[in-house]
Amino acid sequence: GGGGDAEKRGALIVLEGLDRSGKSSQCRALASFLRGRGESVEEWRFPDRTTAIGQMISSYLSQASELDDSAVHLLFAANRWEKRSLMESTLRKGITLLIDRYSYSGVAFSAAKGLDFQWCRTPETGLPAADLVLYLDIDPEVAASRGEYGLERYEKVDFQRRVATYYQAMRDSTWQTVDANQSVDEVQEALREAAVSVIQSCKSGAELLR
Ligand code: DGP
Ligand code: NA
Ligand code: NA
């Protein structure tokens, strides 16, 4: 379409990384920084454990239930699809979405179990595309030494190492890798610069809703 006002919108910004990469606290700090600059921002996370599908996923992750690997892969994807229209309408209102994990987690964690990489990507196709992916790059050994590691299903160093290789296979022009072995403040600084810049592009209509 044309480049009119109707296409000015919020940015879809995704934070990705291994478990204990610091994503969730960086996400919160980034949201409050952006709000302080007067931006409209909503913080989301996937899996969204509050929905019926999310509760099945949560029970699986806490190892309270077992599910077939392919079935649980489709549940994670469905948990994103059930939020699609809300995602799109929120972006169209000019609100920026800051999302803690998205389709990249969906593919990387399932492929790391041995499911076919291309098959894993298929159910993610057609979801709103991220304008910016902030990848918090952390050494799996460093992540493992952080608090509470090992309580959920995927929190094992060898597994996380495989997840990291699949993340690398998905890097594209929307990705910015931030060294998450740095201090919390240094990581936050890098995230802020990248986020401010993409929000500006979306406002100017340079990034059109796909
Ligand atoms: P979190 O709530 O961000 O700690 O994520 C919970 C765990 O689930 C974490 O180990 C990452 C994993 N995960 C997140 N999204 C997906 C997904 O779509 N598919 C799979 N297989 N795992 C995921
Ligand atoms: Na986790
Ligand atoms: Na999540």
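The values are calculated or read from the model by the stated rules, or taken from the named source; none is laboratory data. If you're wondering where the values come from, they're calculated on a predicted model, not measured in any experiment. Here the Cβ positions follow ideal geometry from the backbone for every residue, glycine too, while neighbour counts run over all protein chains shown. When the accessible area is computed, the model is the full protein with side chains, heavy atoms only, and any ligands, DNA or RNA have been set aside. Shrake-Rupley method; radii C 1.70, N 1.55, O 1.52, S 1.80 Å.
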Among E155, E186, E124, which one moves the most in a GNM of the chain with springs linking Cα atoms closer than 10 Å?
E186
What accessible area, in Å² to the nearest ten, does a 1.4 Å probe give for W119?
100 Å²
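Assuming 1.567 mPa s and 4 °C, estimate D for the chain with Stokes-Einstein, Rh taken as the Kirkwood radius over Cα pairs, in µm²/s.
Numbers: Rh = 17.6 Å.
Answer from the Stokes-Einstein relation: 74 µm²/s.
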Fraction of accessible area attributable to carbon and sulfur, the range 1-149 (%, probe 1.4 Å)
49 percent
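Assuming a strict under-20 Å limit between Cα atoms, what lysine pair count do you get for the range 4-203 once near-sequence pairs (fewer than 8 apart, same chain) are dropped? The partial results should precede the final answer.
On the way: K8/K93; K8/K203; K23/K156; K83/K93; K93/K203; K113/K156.
Summing the qualifying lysine pairs gives 6.
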Selected from M170, M56, M87 as most flexible by GNM, with the chain as the system and alpha-carbon contacts under 10 Å:
M170
V184 to S145: FRET efficiency via 1/(1 + (r/R0)^6), r the Cβ-Cβ distance, R0 22 Å, to the nearest 0.05?
0.90
Alpha carbon centroid spacing (whole Å) that separates the range 1-74 from the range 158-197
15 Å
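Ignoring everything except DSSP H segments at least 4 long, calculate the 222 nm mean residue ellipticity for the chain; use -39,500 (n - 2.57) per segment, divide by total residues, nearest 500. It would help to have the intermediate numbers written out before the result.
Numbers: 9 runs with 98 residues, N = 210.
Per the formula, -14000 deg cm²/dmol.
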Tell me the per residue accessible area of the range 4-203 using a 1.4 Å probe; a whole number in Å² is fine.
45 Å²
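Stretched out fully, how many nm does the piece from D68 to T122 gain, at 0.36 nm a residue minus the Cα gap?
On the way: separation 54, 0.36 × 54 = 19.44 nm, distance 1.76 nm.
Length difference between fully extended and current span is 17.7 nm.
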